[in-house]
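What follows is one structure encoded as structure tokens, with my remarks underneath.
What follows draws every value from the coordinates through simple rules; no lab data is involved. Predicted model, so just to flag it, every value in this text is computed and none were measured. Backbone-built Cβ (ideal geometry, glycine too); neighbour counts: all protein chains shown.
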Amino acid sequence: METKWDADRIENQKGKVVIVTGANCGIGYETALEMSRNGAEVILACRDVDRGMGAIQNIIEEIPKANLVMASLDLSDLNRIEKFSDQIHENYRKIDLLINNAGVMMDSLTMTKQGFEFHFGINHLGHFALTGHILDLLLVEGDSRVVNVASIAEKKAKIFWDDLNCERRKYSMWKNYSQSKLANLLFTFEFKRRFDSIGHSLKIVAAHPGLTATNLSRNVRKENQISDLLWRKMTQHQSIGALPTLYAAVGDVESGDYIGPDGIMEFRGYPTKVNSSRSARNVVSSRKLWEISEDLTGVEFNILA
Ligand SMILES: NC(=O)c1ccc[n+]([C@@H]2O[C@H](COP(=O)([O-])OP(=O)(O)OC[C@H]3O[C@@H](n4cnc5c(N)ncnc54)[C@H](OP(=O)(O)O)[C@@H]3O)[C@@H](O)[C@H]2O)c1
């Protein structure tokens, strides 16, 4: 890949239908903006309708002809995910791109509607369930892609197999966030292996934005002023932070690739292919997590059976 790939290099996306989860702000917003600028129909899958509509208004101010749809999706509730998927099935015959972007970072232990720890439940299980529910629409004609937004936090992460939902351990935002981001990669690589084994060309690609100034870190920044100041110095603008996601979505990638910033320690920069941790490439863990995720969500990827 040439270095310094940016959003100006995105080719015409007319005719494509794209779902971006958590598109009302941050990296999801920038992703929706650039995909619409290049002609795609973008479904902004947001948990708060007003915030989603606000994002649509902002994009339309910049791109009056943007083709945008707001759809309510709360990844903290498996029933709401199913409802969202039903609406998508009612209105679309094919989805070209599913961008699993939404994410949370919580300073206290919070549980989803079905009792999963928030990071694991939203960042991983919610997106796992969503992908499984709309898989048939992604499989039409076979040239679609799924992009999972992970994080460098996965590098030091571990999966707490005997306490995935943090019911017995002391709560740590970092450990639980990191676990969910490692789960995003394990899901990506297991998905690739399963599709490769049946010879299907649907691609799944992971991306991470390095350190990007968005709302995500508000709970870290509110801890103290030093972390706030440090964070502002270290982070890049969200329009740059979204580039790895955009490259994963439209660039020249193979299924199973992982795209991140090309700068020192992958903190900042332009998209390039990056390596994941050894834990993320552990085949046994990937398979185990897949089976647990199917079990916990009740969503099976039947096409692969
Ligand atoms: N910023 C970084 O430095 C960084 C680094 C590594 C990875 N990432 C990853 O990048 C992705 C995007 O994060 P961001 O930095 O752009 O943060 P952000 O500005 O906080 O955006 C997160 C988005 O996710 C949405 N969301 C949260 N909970 C949801 C739920 N239950 N259902 C549906 N949507 C929900 C948020 O909606 P509301 O606005 O309604 O809360 C928001 O739209 C995340 O996966 C994050 O882990 C970010």
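Summary of computed values
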{"read-out": "Helical mean residue ellipticity (222 nm; -39500 (n - 2.57) per DSSP H run of 4+; nearest 500) of the chain", "value": "-11500 deg cm²/dmol"}
{"read-out": "Antiparallel DSSP beta bridges within the chain, as percent of all bridges there, nearest 5", "value": "15 percent"}
{"read-out": "DSSP beta bridge pairing in segment 38-148, given as percent antiparallel to the nearest 5", "value": "10 percent"}
{"read-out": "Efficiency of FRET from Cβ geometry, residue 215 and residue 57, R₀ 25 Å, rounded to 0.05", "value": "0.90"}
{"read-out": "Virtual spin-label span in nm between residue 161 and residue 234, 7 Å along Cα→Cβ", "value": "3.1 nm"}
{"read-out": "Computed lengthening from residue 4 to residue 111, 0.36 nm per intervening residue step minus Cα-Cα distance", "value": "34.5 nm"}
{"read-out": "Mean separation of Cα contacts under 8 Å, 6 or more apart, over the residue count of the chain: relative contact order %", "value": "19 percent"}
{"read-out": "Projected label distance in nm at residue 282 and residue 67, using a 7 Å step from Cα toward the beta-carbon", "value": "4.4 nm"}
